[in-house]
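Peer 1: First, the structure itself, so that you have it in front of you.
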Amino acid sequence: MQEIYLGSSMSLSILGIIREIEVRRLKMLAREFDGVILIDELDLHLHPTWQRLIVRALKDAFPRTQFIVTTHSPHMIQNAERGEVIALINDDEGNPRVANFELSEFGFKGWTIEEILQDVMGLWDVASDEYRVAMEKFDFALSRNDAKEIKIWLDKLEAMLHPRNHLRKLLRLQAAPFEEGGND
């Protein structure tokens, strides 16, 4: 079995892999290569749209090849087939281990980017610190029925949130009882 390693320093492209197989190293058709290709950080320098498509393109171009790739892209994980992702996480003592996820036949295809970042990749929080503090202060103002503070933090949160974020409506509903003439 042949093996080719393509590190992250190599400008990765399907044509680059074909050149390595057909011209420089093996002098055989890339479609017939039945070895293993290792690629470190496959997502490196790729737009998220291409991160979603690159694995399918590699499978189509090299149907007999096994690829072992690393990634930090939730987009690639979200589009992988069931059984194609081996996520490494740290156990309670900080030692790496393979994560075990209960997945349906669809793998991670129905998971959001945020769920993948948190549950698969171990990102503690997907929100910015400033947003998290503003939400905490808004919640605290609600618990104290402080109309003035609720208004301040609602305005700040609305300025922060994406224009179509569903939380805008929820925050306004929570703040509605305290508008104009509410309890101070």
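The values are calculated or read from the model by the stated rules, or taken from the named source; none is laboratory data. In this text the structure is predicted, and so the values were computed from the model without any measurement. We place every Cβ from the backbone using ideal geometry, glycine too, and count neighbours over all the protein chains shown. SASA here: full protein model, heavy atoms, side chains in, ligands and nucleic acids out. Shrake-Rupley method; radii C 1.70, N 1.55, O 1.52, S 1.80 Å.
Peer 1: What are the radius of gyration and Dmax of segment 132-172, computed over its Cα atoms and given in Å?
Peer 2: Every Cα atom of segment 132-172 included, Rg and Dmax give 9.6, 28 Å.
Peer 1: Now for a different question. Pairs on different chains or at least eight residues apart, Cα atoms closer than 24 Å: how many lysine pairs in the chain fit?
Peer 2: 10
Peer 1: Measuring with a 1.4 Å probe in the full set of protein chains, what accessible area per residue, in whole Å², belongs to the chain?
Peer 2: Numbers: 12550 Å² over 184 residues.
Ligands and nucleic acids excluded, the figure is 68 Å² per residue.
Peer 1: Can you tell me how much longer the chain between Y131 and L38 gets when fully stretched, taken as 0.36 nm per residue apart minus their C-alpha distance, in nm with one decimal?
Peer 2: Computed gain between Y131 and L38 is 29.6 nm.
Peer 1: I'd like the distance between the alpha-carbon centres of segment 72-110 and segment 158-179, rounded to an integer number of Å.
Peer 2: Between the Cα centres of segment 72-110 and segment 158-179 lies a distance of 33 Å.
Peer 1: In addition: Given the rule -39500 (n - 2.57) for each run of at least 4 DSSP H residues, summed and divided by the residues of the chain, what is its mean residue ellipticity at 222 nm, to the nearest 500 deg cm²/dmol?
Peer 2: Numbers: 6 runs with 64 residues, N = 184.
After summing the helix terms and dividing by the residues of the chain, the value is -10500 deg cm²/dmol.
Peer 1: Roll a 1.4 Å probe over the protein heavy atoms and report the accessible area of K137 in Å², nearest 10.
Peer 2: Surface accessible to solvent at K137 totals approximately 90 Å².
Peer 1: Right, next: Taking all protein chains as present, what is the carbon and sulfur share of the accessible area of segment 72-184, in % to the nearest whole number, probe 1.4 Å?
Peer 2: 50
Peer 1: Quick check: net charge around A159, other residues with Cβ under 13 Å of its Cβ, Lys/Arg +1 and Asp/Glu -1?
Peer 2: On the way: positive: K151, K156, R168; negative: E130, D155, E158.
Result for the neighbourhood of A159: 0.
Peer 1: Still on this structure: If I stretch the segment between S13 and Q174 completely, what's the gain in nm (0.36 nm per residue apart, minus their alpha carbon distance), one decimal?
Peer 2: 52.9 nm
Peer 1: So, one more: Taking Rh as the Kirkwood radius computed over C-alpha pairs, what is the Stokes-Einstein D of segment 104-176 at 4 °C in a medium of viscosity 1.567 mPa s, expressed in µm² per second?
Peer 2: In µm²/s, the coefficient rounds to 93.
Peer 1: Counting only other residues whose beta carbon sits under 14 Å from that of T71, what net charge do I get with K and R as +1, D and E as -1? Display every interim value, and only then the final one.
Peer 2: Working: positive: R52; negative: D40, E41, D43, E84.
Summing Lys/Arg as +1 and Asp/Glu as -1 gives -3.
Peer 1: Only helices at least 18 Å long along their own axis, judged from Cα atoms, and with Kyte-Doolittle mean hydropathy of -1.0 or greater: name those in the chain from DSSP H.
Peer 2: Working: long enough: 48-61 (20 Å, -0.23); 129-143 (21 Å, -0.36); 147-160 (20 Å, -0.07).
Going by DSSP H runs, the hits are 48-61, 129-143, 147-160.
Peer 1: Here's a follow-up. Compute the whole-percent fraction of alpha carbon pairs in segment 5-105 spaced more than 21 Å apart.
Peer 2: When every Cα pair of segment 5-105 is considered, 40 percent fall beyond 21 Å.
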